[in-house]
Amino acid sequence: MVVIIPAYQPDEKLYHLVLELREKTDYDLIIVNDGSDPGTRELFASLEPYAKILHHAVNRGKGAALKTALTYIHDQYPADEGVVTIDADGQHLPEDIIRVSKAWEAAPEKLVLGSRQFTGNVPFKSRAGNAITRFVFALSTGIKIFDTQTGLRAFGVFRIPMMLEMKGDRYEYEINVLLYATRHRIPIEEVPIETVYIEDNKSSHFNPIRDAWRIYKMILFFVASSLVAMLLDYVLVLLFSATTKGMAESLLISVVGARVLSSLANYFMNCKLVFENRSRSSIVRYYILVAAILAINYGLMVVITHLMPIAVGKILVELALYPVSFYMQRKYVFPPQSEEFGTED
């Protein structure tokens, strides 16, 4: 088992963690100095007898530090070896690191997460942040993971090529790995671990605005694509309605014409940016769904335009059908892809 510890501006907690791991395990340790200040040189030098130290000349971010270590491991270790990533701030106890490692050894095909339960004296911003991310992640992917932001993870060396392809050099990297795993049906197991926050987590280098945006923007792509298409559809319905006013089939032309154009935009956004599913058969499934939603949309519009203006009715119909369309796209049109085959014919 190989342990990766990305470290930026570490203190004595890293030294004590390394010594404890040395006493209790025979794991190989790889520490990445992610451009820490010169004042930390003595600390890193003191760790050289116990771990392999890799250095970044400047701070590049947690994701970049993990990739540096993963590249080294991929070149030096066999594919059936295990990798554990942990944080340098002492929040992962050696006993929990060992438990997560053993869980991976029992099921090497899995991505194993050390899942904090957020009990006890947990800073409000940490508790709230994880709750929000957990909710948005489940809404976007259909997969419930209790601790989406845990840094304690175990996986096989054979997964490193995939890990190196992940976008993101900072905190968003870890959420991207989870998104990839859910899209490609990689089994995920959560192992409950202790929730440890030292001195109200003041040693964390997580920026609540900058880094939260990096994390959430990847998840919110799921929702943004549909909202853009919904707005386009709304504008086109009003435009077509105005230009065909007085025609017997004005409503039908407006609804169908708008949906054809907006659905094309929605499909390509979802295919390329959101679900990252480039299966050729997905377009067939997509337009079967479009036809079904369109029929329902038209039927509701026929009824509702007798009760209120089309501009108001269109908004109400779209709000009612949006969650249905989103769920069906995630579940059936762009389903998770198999690891082995990535795309379909």
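We did not get these values from a lab; they are worked out from the coordinates using the rules stated. Just so it is clear, the model here is predicted, and its values are computed rather than measured. Quick reminder, even Gly has a Cβ in these numbers, built from the backbone with ideal geometry, and neighbours come from all protein chains shown.
The mean sequence separation of alpha-carbon pairs under 8 Å and at least six residues apart, normalised by the residue count of the range 2-206, gives a relative contact order of 26 percent. Couplings 3J(HN,Hα) of the range 148-159, computed from phi: 6, 10, 5, x, 8, 9, 10, 7, x, 4, 5, 8 Hz, in residue order, whole Hz [Karplus 6.51 cos²θ - 1.76 cosθ + 1.60, θ = phi - 60°; x for Gly and Pro]. Rounded to the nearest 20, the Cβ-based charge dipole of the range 221-333 about its Cα centre (Lys and Arg +1, Asp and Glu -1) stands at 340 debye.
Looking at the square roots a ≥ b ≥ c of the eigenvalues of the Cα gyration tensor of the range 1-101, which shape do they give, rounded for a/c under 1.5, prolate if a/b is larger than b/c, or oblate?
Numbers: a/c = 1.70, a/b = 1.17, b/c = 1.45.
Note, shape of the range 1-101 comes out oblate.
Non-local amide H neighbours of V32 (under 5 Å, H modeled in plane, Pro and chain starts lacking H): which ones? Answer set, sorted by chain and number: I5, A7, L54. The distance between label points at V302 and I283 comes to 3.1 nm (points 7 Å beyond Cα on the Cα→Cβ vector). With contacts taken as Cα pairs under 8 Å at a separation of at least 6 residues, the range 1-75 carries a relative contact order of 36 percent. Per-residue Karplus couplings for the range 53-62, computed as 6.51 cos²θ - 1.76 cosθ + 1.60 with θ equal to phi - 60°, are listed in order as 9, 10, 10, 9, 5, 9, 5, 10, x, 4 Hz, Gly and Pro entered as x. Remark: the range 84-185 carries a charge dipole of roughly 360 debye about the Cα centre, counting +1 on each Lys and Arg Cβ and -1 on each Asp and Glu Cβ.
Give the shape of the range 2-206 as rounded, prolate or oblate, defined through the alpha-carbon gyration tensor: a ≥ b ≥ c are the square roots of its eigenvalues, a/c under 1.5 means rounded, and otherwise the shape is prolate if a/b is larger than b/c and oblate if not. Display every interim value, and only then the final one.
Working: a/c = 1.44, a/b = 1.19, b/c = 1.21.
Rounded, because the longest to shortest axis ratio a/c is under 1.5.
With R₀ set to 22 Å, the beta-carbon distance separating I143 from K24 gives a calculated FRET efficiency near 0.10.
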